[in-house]
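Note sheet for the following structure.
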Amino acid sequence: MAAIPKTANGPADEAADDLTLLAERHLVQPWPVSGSIGAEARGRLDAGEGIYVTDASGRRLIDGPAGMWCVNAGHRNRELAEVMASQAMELSYNSPWYTTNAPSVILSARLAEHAPDGVDHVFYTTGGSSAVETALRFMQFANNVKGRPEKKLIVSRQGGYHGSTYLSASLNGRPRDHDWMDSASDLVVKLSCPDPFRRPDGMSVEAFCDFLVEEFRQVIEEKGADRIGAFIAEPVMASGGVIVPPPGYLRRMQDLCRRNDILFIADEVVTAFGRLGHVFASKEVFGIEPDMITFAKGVTSGYFPLGGVMIAGRLFEELRRSNHSEAMFAHGLTYSSHPVGCAVALKNLDILEGGLLAHARAVSDHFQQSLKALEELPLVGEVRGLGLMACVECVADRASKNPLTLDLEVGKRIDRHCQELGLLVRPLIHMCVMSPPLTISLEQIDDMVSILRRGIELTMDDLTREGLWKG
Ligand SMILES: Cc1ncc(COP(=O)(O)O)c(C=O)c1O
């Protein structure tokens, strides 16, 4: 029988075996497979400092994915920790049903200053899935109030990821998201993934962009603009493998939305709060002005579970002018507008505005160029990215770009080698995603990339030795 430690802060070595056993017996972690569900202990991390985390064996690792694209201000930031403690001692909770709190009001106003003009209201949630869910339910509600209950279809894209609640997950476009799961497929239409690397052979990037826009135009024509409520897109697809769409794609998709009265929801759960060098990337990086912007993760640098959706004020005006003043947006979360989360977000915004955004912009070219050099390695099909997010995609051979003929665990193999060498990688089947804390220095980028290079080289050796890859 494993002993249950009274706290998680006891002597690590003595408790280590017990904690592994307890995890296997009692903890269910996200995205388990049925072969090990309910009986799995994942590698434990015990501490963090800046861009580093320390694992249960005391090994210090660069946090390559910044947790889950979220620890933007780095680990163990004293200012964030202290503001959390002081807000909890001041007002730890208030019911958003019938009261409000100062941090959430001030944060709303400050976020509105960063969002595109007119996108000036915020509904706070507990994370990204609930932010997406809120945006979608608001679209449904608004169309009901406006007397057009048929206008509810949601257009998303293959390769996209929007969350793990039922409706947000229904938008996801990666095959494994749906292989064994149910979804609200009658509410969703999926367009092609805007991945220039996998565009049809012989097609230019410009022609590929035309094709993608035309596909959307045709869907609108076939389904009818009066049945489509929203188009949702991550400006850069994150979990789908850091897919940067062709130039002009997002603006042209927005034009189609505008012409057909379809709400454009930019899912900035990953791209906001500095990952692309700005608080929101929609306007600053891509020149688009969405009707709603969902965010989470970096808003508190992962120190507190908070998300939200920015909503254009004109959408509320339309509702206020409608003939249904009694219609209720019956949607809210116990932890909406949480005072501690909003206080942390305010301090995090101070840190971003106070230099971290500028730093992220200053180091991103070096980050992208250093990683791009890994394309020299024959296992690497493409390195792509923007700002401080990038993906190294491995392929069996460059001509076919086929990842499926390669060992599908190649990302995990690279991660295992990198961990031995001091780097945590986010393996995504045959891809490695890199999105470190924004505090990373030029030297630390060099360390990160040289470990990743060595990890890939060692993986090439393994695959060759095992006869799985010919090089
Ligand atoms: C673009 C995007 N949207 C939504 C989500 C869901 O966020 P959460 O896991 O906080 O619910 C994620 C999570 O990775 C994401 O990457």
Quick one: LEU136 ticks every box in (1) closer than 22 Å to GLY385 by Cα; (2) within 16 Å of the ligand (Cβ to nearest atom); (3) touching a residue at least 60 places away in the same chain (Cβ under 8 Å) except a single one, so which number is it?
(1)
Name the residues in the stretch 67-85 that are open to solvent by less than 70 Å² (accessible area, probe 1.4 Å) and without any contact (Cβ under 8 Å) to a residue 24 or more places away in the chain, would you?
ALA85
Does TYR166 qualify as being open to solvent by 30 Å² or more (accessible area, probe 1.4 Å), closer than 30 Å to GLY381 by Cβ, within 18 Å of the chain's Cα centre (by Cα) and in the same structural domain as GLY298 (by the TED database)?
no
Within the stretch 218-241, considering residues that are away from the ligand (no atom under 11 Å from the Cβ) and assigned to a loop (DSSP other than H, G, I, E, B), the one farthest from PRO290 (Cα to Cα):
GLY241
Under 6 Å between Cβ atoms, at least 6 apart or on separate chains: pull out the pairs that start in the stretch 175-202 with a residue that is within 15 Å of HIS162 (Cα to Cα) and end on any residue that is open to solvent by 80 Å² or more (accessible area, probe 1.4 Å).
LYS190/GLN158; CYS193/GLN158
Conditions (1) touching a residue at least 40 places away in the same chain (Cβ under 8 Å); (2) touching an Asp or Glu at 6+ places or on another chain (Cβ under 8 Å); (3) under 28 Å from ALA296 (Cα atoms) -> LEU346 fails only (2)
Could you tell me which numbered condition PRO246 fails, if it satisfies all but one of (1) closer than 23 Å to ALA142 by Cβ; (2) crowded, with 18+ Cβ neighbours inside 10 Å; (3) away from the ligand (no atom under 15 Å from the Cβ)?
(1)
Of the candidates PHE280, PHE264, the one satisfying the condition of being surrounded by 22 or more Cβ atoms within 10 Å (Cβ to Cβ), in contact (Cβ under 8 Å) with a residue 12 or more places away in the chain and part of a loop (DSSP other than H, G, I, E, B) is PHE280
Scan of the stretch 23-71 for residues that are among the polar types (S, T, N, Q) and not assigned by the TED database to the domain that holds PHE367, ordered by number
GLN29, SER34, SER36
Which count do you get for residues in the stretch 166-212 that are away from the ligand (no atom under 12 Å from the Cβ), assigned to a loop (DSSP other than H, G, I, E, B) and under 24 Å from GLU393 (Cβ atoms)?
11
When the stretch 139-160 is checked residue by residue, the ones that are surrounded by fewer than 23 Cβ atoms within 10 Å (Cβ to Cβ) and within 12 Å of the ligand (Cβ to nearest atom) are GLY159
Of the conditions (1) of a type in the set (S, T, N, Q); (2) open to solvent by 70 Å² or more (accessible area, probe 1.4 Å); (3) within 20 Å of the chain's Cα centre (by Cα), the single one that SER325 does not satisfy is (3)
Applying the selection to the stretch 359-381, what residues are touching a residue at least 12 places away in the same chain (Cβ under 8 Å) and closer than 28 Å to GLY74 by Cα?
HIS359, ALA360, ARG361, VAL363, SER364, HIS366, PHE367, GLN368, SER370, LEU371, ALA373, LEU374
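The values are calculated or read from the model by the stated rules, or taken from the named source; none is laboratory data. Note that the structure is predicted; figures quoted are calculated from it, not measured. For neighbour counting, all protein chains shown are included, and Cβ atoms are generated from backbone atoms with ideal geometry for every residue, glycine included. Just so you know, the surface numbers come from the protein's heavy atoms only, side chains and all, with ligands and any DNA or RNA stripped out. Shrake-Rupley method; radii C 1.70, N 1.55, O 1.52, S 1.80 Å.
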